[in-house]
Amino acid sequence: MHPNPAFRGESTARNLEFARARGFGVLAVAAEGAPLISHVPFLLNPDGDVAELHLVRSNPIVRLLSEPVAARLAVSGPDSYVSPDWYGVEEQVPTWNYVAVHLVGRLELRPQEEMRGLLDRLSAEFEGRLTPKAPWVADKMQPEGLARMMRMIVPCRLQVEDVKGTWKLGQNKPDAARMGAAEAMEDAGVGSEFAALAALMRAVS
């Protein structure tokens with residue numbers, strides 16, 4: 001998370017709303033040597049204190065879950081390079097604007113019998129965003145094939161203890177400079193979803 005307080009002012013509620021809407025993040029767990037990383041879809045409960053996810057059984061993280069372990073789920077949003085020329089102000093340097101939320105807590109392995117319910121909830125959530133498509137459901141699979149696939153994955157739960165967010169949107173720049181950067185970014189951004197990022201920059205109060 002960026003240390004500048006100017007980029008850390010969003011409420012916990014907005015950070016949770018952002019993470020819930022994205023539904024996909026980078027799970028990090030400390031290990032000997034480099035941290036273990038997995039890219040995972042997840043469901044965040046209404047209170048924002050539980051994130052449900054699953055991992056492939058052969059994932060090295062699973063081998064650490066004989067007891068709950070400290071973990072971080074990093075959820076990234078739109079991002080873009082920002083050219084100093086876009087501000088229309090002298091003595092500026094290149095930077096990168098972005099949105100990111102981290103969910104920090106304890107990751108635990110859940111009983112295998114919870115896997116089907118988690119699979120159904122995950123698919124219902126994301127299939128439901130594909131309207132007007134008829135949703136895919138697990139019952140479309142043959143029972144033997146579904147059972148075989150289910151044996152390859154395990155349910156996990158992150159008990160969220162802390163929520164941290166960075167919304168680096170040029171809040172430390174004059175309004176006119178930020179608006180100029182947003183306009184240029186929308187036309188020629190380098191990153192991902194830079195039009196959405198430009199809209200967030202314009203909405204800064």
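The values are calculated or read from the model by the stated rules, or taken from the named source; none is laboratory data. All values derive from a computational prediction rather than experimental measurement. Cβ: placed from backbone, ideal geometry, glycine included. Neighbour counts: every protein chain shown.
Residue by residue, here is whether (1) under 19 Å from Val160 (Cα atoms); (2) β-branched (Val, Ile, Thr); (3) modelled with pLDDT of 95 or more holds:
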position: His102; (1), (2), (3): yes, no, yes
position: Asp120; (1), (2), (3): no, no, yes
position: Pro132; (1), (2), (3): no, no, no
position: Pro135; (1), (2), (3): no, no, no
position: Lys140; (1), (2), (3): no, no, no
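The single condition from (1) more than 15 Å from Gln159 (Cβ to Cβ); (2) of a type in the set (Asp, Glu); (3) surrounded by 15 or more Cβ atoms within 10 Å (Cβ to Cβ) that Glu108 fails is (1).
Does Ala196 satisfy being outside any strand (DSSP E or B) and within 19 Å of the chain's Cα centre (by Cα)? Yes: the conditions hold for Ala196. What do you reckon, is Ala100 of a type in the set (Gly, Ala, Ser), within 16 Å of Ala28 (Cα to Cα) and in contact (Cβ under 8 Å) with a residue 60 or more places away in the chain? Here the answer is yes, as Ala100 does meet what is asked.
Only residues that are touching a strand residue (DSSP E or B) at 6+ places or on another chain (Cβ under 8 Å), among the aliphatic types (A, V, I, L, M) and outside any loop (DSSP other than H, G, I, E, B): list them for region 172-193, please. Ala181, Met185 - these are the residues of region 172-193 that are touching a strand residue (DSSP E or B) at 6+ places or on another chain (Cβ under 8 Å), among the aliphatic types (A, V, I, L, M) and outside any loop (DSSP other than H, G, I, E, B).
Can you find, within region 137-158, the residue that is surrounded by the fewest Cβ atoms within 10 Å (Cβ to Cβ) among those that are touching a residue at least 12 places away in the same chain (Cβ under 8 Å) and touching a Leu at 6+ places or on another chain (Cβ under 9 Å)? Selected residue: Ala138.
Taking the conditions (1) within 25 Å of His2 (Cβ to Cβ); (2) exposed (fewer than 14 other Cβ atoms within 10 Å of the Cβ); (3) touching a residue at least 24 places away in the same chain (Cβ under 8 Å) in turn, Val93 satisfies each one other than (3).
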